[in-house]
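Read the figures in this text as sums done on the coordinates, not as results from a lab. Quick caveat: nothing in here was measured; it's all calculated off a predicted structure. Glycine also receives a Cβ, built like all others from the backbone with ideal geometry; neighbour counts cover every protein chain displayed.
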Amino acid sequence: MLFDLPDHDTLYEALLARDTRFNGQVYVCVASTGVFCRLTCPARKPRKENCTFLGTVGECLEAGYRSCKRCHPLEPMAMADPAIATLLAALDERPDYRWRESDIERMGLDLSTVRRSFKRQFGMTFLEMARQRRLRDGFETLAGGGAVIDGQLDAGFESASAFRAAFLKLLGKAPGKLSTDPLLFADWVQTPLGDMVSVTSASQLHLLEFIDRKALPKELERLNVHAKGRLGIGQTEPAAQIKEELDAFFSGSSSEFQTPLAYHGSEFSGAVWDALRKIPAGTTRSYSDIAVSVGRPSAVRAVARANGANQIALVVPCHRVIGADGSMTGYGGGLWRKQKLLEIERQYLSEKARENHHVTD
């Protein structure tokens, strides 16, 4: 992103006005349709609460949105590079096909050129774009007790080494190194804001993070050490419970999370996380508010560090903390997710509270 995005209200007004100033710099992702568009799209305008604004096409794709067939937001990239146009068209025709490098070569395209072009335009390679969902298929095969080779094939990976590398990047352990007698179990969680990983014991939730969070590998490494190397994959009662509660949260039926939690941090951090859980859905607090609530009004920076160290996203709602001036602050899952979560949670406010409370976009 080459510039800071304006606030949500400004961008929504630009969308309504079909403002051309933001072409190529901002895209609107529409939750009700699963599509992302240019702000100048001629289609009927979505409701404000269904809109999330992102700065790059890559972010939109990573968030699980597909390109609009009316305003064609991928067209400038495709027009700039015929190889991109060819592959995007092929992907549209066969979205479920397990694309491989050999497929690209058979189309008469140079692998290194295609890789550079997609990285430059989308922040990911074509194969990463096409295989993003496949890793989930392999994960679920292993979680169900399948062999590593079956997980590799289900994930659409040509080589065992590539499959191992993908798992190593995600979980910090190759499939063959995962414990066959785990104390902690990793599980894949699908949400409307992107896939997540949960880590549970037989009785508690230890971690819940978006898979693209940069801190995830180190968090998983620490949990593996905590479990004395016995980190594996599979489902537990807490894993099933958190999936049900996340489904209820995103569907608008409940903002309550009752899954038992296991904190990994200092006593002070635990106090901060407890304070975060007391913030009602649809409302926000500042770091100084939290510092006062835990009896340490001068410990604002320490509160911010504890907030950033939280590894149980959504359940411990660090996304509800904003700057003292009402501005959005950093979020490990991405500011666009933080904005969207706050928008989603407005539905949990009473009508009177919604009128009286302002959530910063």
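Counting other Cβ atoms within 10 Å as a rough exposure proxy, the listed residues ILE233, ILE344 run ILE344, ILE233 from fewest neighbours to most. Projecting the Cα atoms of LEU54, LEU39, GLN25 onto the charge dipole of segment 8-67 (Cβ charges, centred on the Cα centre) puts LEU39 farthest toward the positive pole.
Report note on the peptides 323-330, 306-313, 12-19, 239-246: ranked by the mean count of other C-beta atoms within 10 Å, highest first, their order is 306-313, 239-246, 12-19, 323-330. Centre-to-centre, using Cα atoms only, segment 19-78 and segment 217-283 are separated by 32 Å.
With only the Cα atoms considered, the chain has a convex hull volume of 145 Å³ per residue.
Mind running the shape call on segment 187-252? Use the C-alpha gyration tensor, a ≥ b ≥ c as the square roots of the eigenvalues: rounded below 1.5 for a/c, prolate if a/b tops b/c, oblate otherwise. All intermediate terms of the calculation are to be shown ahead of the outcome.
Numbers: a/c = 2.74, a/b = 1.42, b/c = 1.93.
Oblate, since a/c reaches 1.5 and b/c is not below a/b.
Once Rh is set to the Kirkwood radius over Cα pairs, what Stokes-Einstein translational diffusion coefficient, in µm²/s, holds for segment 134-251 at a temperature of 20 °C and a viscosity of 1.002 mPa s? Numbers along the way, then the final one.
On the way: Rh = 14.2 Å.
Translational diffusion coefficient: 150 µm²/s.
Rounded to the nearest 0.05, what FRET efficiency do SER253 and SER298 have when you use their Cβ-Cβ distance and R0 = 45 Å? Write out the running numbers ahead of the final one.
Working: r = 40 Å, r/R0 = 0.90.
Efficiency, rounded to the nearest 0.05: 0.65.
When only the Cβ of Lys, Arg, Asp and Glu is charged (+1, +1, -1, -1), the dipole of the chain relative to its Cα centre reaches about 520 debye. Using the Cβ-Cβ distance between HIS72 and GLU13 with R0 set to 25 Å, the FRET efficiency from 1/(1 + (r/R0)^6) comes to roughly 0.60. Let me make sure I get this right: for segment 266-319, a, b and c are the square roots of the gyration tensor eigenvalues over alpha carbons, sorted descending. Under 1.5 in a/c it's rounded, otherwise prolate if a/b > b/c, else oblate. Which is it? Oblate is the answer for segment 266-319, as a/c is 1.5 or above yet b/c matches or exceeds a/b. The alpha carbons of segment 267-356 give a radius of gyration and a Dmax of 12.6, 37 Å, in that order. Residues ASP274, ASP181, ranked from the fewest to the most other C-beta atoms within 10 Å, line up as ASP181, ASP274.
For the chain, the mean residue ellipticity at 222 nm estimated from helices alone is -12500 deg cm²/dmol, where every DSSP H run of n ≥ 4 contributes -39500 (n - 2.57) and the total is divided by all residues, rounded to the nearest 500.
Once the piece of chain linking ARG47 and PHE268 is laid out straight, how much longer is it, given 0.36 nm per residue of separation minus the C-alpha distance between them? Don't jump to the answer; show the numbers that get you there.
Numbers: separation 221, 0.36 × 221 = 79.56 nm, distance 4.11 nm.
Length difference between fully extended and current span is 75.5 nm.
Taking a straight Cα-Cα cut-off under 22 Å and skipping sequence neighbours fewer than 8 places away in the same chain, the lysines within cross-link reach of LYS173 are LYS214, LYS218, LYS228.
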